[in-house]
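Quick note: the coordinates plus some simple rules give every number you see, no bench work behind them. Just so we're clear, the structure is a prediction, and the values are computed from it rather than from any experiment. All Cβ positions, even for glycine, are placed from backbone atoms using ideal geometry, and neighbour counts span all protein chains on display.
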Amino acid sequence: MEQMTLAELGLVKPDTDSKVEEKESTIDNSQRISGSKTMQILGLSRHTFDKAVKGGFLVQHVDGKKKYYILSEIEAFMTTEEYKQMSEGSVDKRNTLNDLTGKDWLPETKSFFYQKGLGADSPEAQIEKLHPAPYSFQDIGHLIRFFTKKGMRVLDPFGGVGSTAKACEVDGRVCTSIELSSKWHELSIKRLETEVGEGTSKNHIFINGDSCEELLKLDDNSVDFVVTSPPYWGILGKIDQKVSKNRVANNLETKYSEDDKDLGNVDNYEDFLDILVNKVFMQCARLLRPGKYMALVVSDFRDKSDFISFHSDLVQKMNKSRIPGGGILNLQGIKILLQNHKSLLPYGYPFAYVENIHHQYILIFKKEAKKK
Ligand SMILES: C[S@@+](CC[C@H](N)C(=O)[O-])C[C@H]1O[C@@H](n2cnc3c(N)ncnc32)[C@H](O)[C@@H]1O
């Protein structure tokens, strides 16, 4: 499209001040728009709006102490390429991490977000709800879009019913999903075939096995992002009786499996942490390319009357561990995933403070050569 000059678009001030005066005195009041209203019409942040004004793409008029903009000029600016770029943003040429524009990047750096699911009645949630502890593929989609570009490789060592694989398929990434139980493994393949499209499971690698063994078979520096939610020790055996009874009544599983290799079946908490960090997460880190990220979705929990701060135990253990072959995982941030839709249960009422744990933590690590 031939580029029109700003003058042709009526976006620059006339040459002489006298003309400005003349023009401004004839401007109909309904055409005069305040700065904040103009920003609202344009849907631009203050920073981008200031850039548009400083760059001469939009004229700021002054009448005494009052600054204002003219509606017809705003409308003309909205038809330009410059406006299109400013409102939609563009991917920075130096960005090797993801395909996000500056505008899409910023909200993803917030330290919290609200969990979004499909709702149990959605036809697309029927496989997901068979599993005792899936995460929402939409929430994971945010992480995948932030930490990878299209076509990049994502690893989930605790694949469950394939929420990570589904998010990868929806967003054009390639997933390797490892799951111990053949029931969940098969359902994760079926999930892609039925919920996303026939043949889509073939775009990904689904491994049915123990991550402690399977990860050893995979190459160093071969994945761009690791995202997963591990078993939270034996928490499924300890969850609220009411929740558990409901699942039993609906013929749904309350455990992942009876397998001894299932990390949810390790008796001792310290042993569990040790296997999880050294045999699974440090191996995942070996597979990560340098400079890439790992996101772990976890929650704290109660063991009888003890409150176990699983997320902080995990961070401490990860901080002390080294990646086989070199390097370290440096913690970059902790996002809180708010589960505001969960029902409140009167655990301690009316005697004691017993928390309704309605959030999860997303621990975000980066693979680097040494400790910061
Ligand atoms: C919290 S769930 C993951 C759910 C998954 N994010 C989803 O949305 O479906 C943890 C999963 O780890 C699996 N698991 C437990 N021990 C394992 C092991 N040693 N190797 C591979 N998978 C294992 C369990 O069977 C369970 O499905």
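Numbers below:
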read-out: Residue among D224, D104, D92 with the largest mean-square fluctuation in a Gaussian network model of the chain, springs linking Cα atoms under 10 Å; value: D92
read-out: Most mobile of N340, N251, N98 in a GNM of the chain (Cα contacts under 10 Å); value: N251
read-out: Alpha carbon centroid spacing (whole Å) that separates region 246-283 from region 304-372; value: 17 Å
read-out: Amide hydrogen neighbours beyond the local backbone of I178, cut-off 5 Å, H modeled; value: D156, F158, G159, I207
read-out: Lys/Arg +1, Asp/Glu -1 at C-beta; region 102-368 dipole; positive extreme among F225, H204, Y349; value: F225
read-out: CD proxy at 222 nm, helix term only [per DSSP H run n ≥ 4: -39500 (n - 2.57); per residue of the chain; nearest 500]; value: -8500 deg cm²/dmol
read-out: Pairwise FRET efficiency - N330 versus E213, Cβ, R0 = 35 Å, nearest 0.05; value: 0.80
read-out: Gain in span if fully extended, K255 to V91, counting 0.36 nm per residue against the direct Cα distance; value: 54.7 nm
read-out: Most mobile of D28, D99, D303 in a GNM of the chain (Cα contacts under 10 Å); value: D28
read-out: Relative exposure of C212, C175, C284, C168, judged by other C-beta atoms within 10 Å (fewest first); value: C212, C284, C175, C168
read-out: Normalised convex hull volume, region 320-372, alpha-carbon set, Å³ per residue; value: 124 Å³
read-out: For region 34-48, Karplus couplings with θ = phi - 60° (6.51, -1.76, 1.60), whole Hz, Gly/Pro x; value: 5, x, 5, 5, 4, 4, 5, 4, 7, x, 10, 6, 4, 4, 5
read-out: Under-5 Å amide H pairs with Q332, H placed in peptide plane, nonlocal only; value: I364, F365, K366
read-out: Degrees between helix 182-191 axis and first principal axis of the chain (Cα, 0 to 90, nearest 10); value: 30 degrees
read-out: Total formal charge among the other residues, if their Cβ is under 15 angstrom from that of G199, Lys/Arg +1 and Asp/Glu -1; value: 0
read-out: Over 41 Å [Cα-Cα, the chain], rounded percent; value: 31 percent
read-out: Cα centre as origin, Lys/Arg/Asp/Glu Cβ charges: the chain dipole, Debye; value: 900 debye
read-out: Taking the C-alpha atoms of region 33-136, convex hull volume expressed per residue in Å³; value: 189 Å³
read-out: Label-point separation in nm, D28 to D267, each point 7 Å along Cα→Cβ; value: 8.5 nm
read-out: Around A167: net Lys/Arg minus Asp/Glu count, Cβ-Cβ under 11 Å; value: -1
read-out: Residue-by-residue Karplus 3J(HN,Hα) for region 201-214, coefficients 6.51, -1.76, 1.60, Hz, glycine and proline x; value: 5, 5, 6, 10, 10, 10, 10, 9, x, 8, 4, 4, 9, 5
read-out: Within region 72-93: backbone nitrogen closer than 18 Å to the Q40 label point (7 Å, Cα to C-beta); value: 72, 74-75
read-out: Once exposed loop GluC sites (Glu not before Pro) are cut out (DSSP; at most 11 other Cβ, 10 Å), longest piece of the chain; value: 3-197
read-out: Solution diffusion estimate, µm²/s, Stokes-Einstein, region 235-372, Kirkwood Rh from C-alpha pairs, 20 °C, viscosity 1.002 mPa s; value: 126 µm²/s
read-out: Using a Förster distance of 51 Å, the FRET efficiency for F351-E124 (Cβ separation, nearest 0.05); value: 0.75
read-out: Region 115-234: C-alpha gyration tensor shape, a/c 1.5 cut-off, then a/b vs b/c; value: rounded
read-out: Isolated Cys in the chain, by beta carbon distance under 4.7 Å; value: C212, C284
read-out: Förster radius 51 Å - calculated FRET efficiency between K370 and S343, Cβ distance, rounded to 0.05; value: 0.65
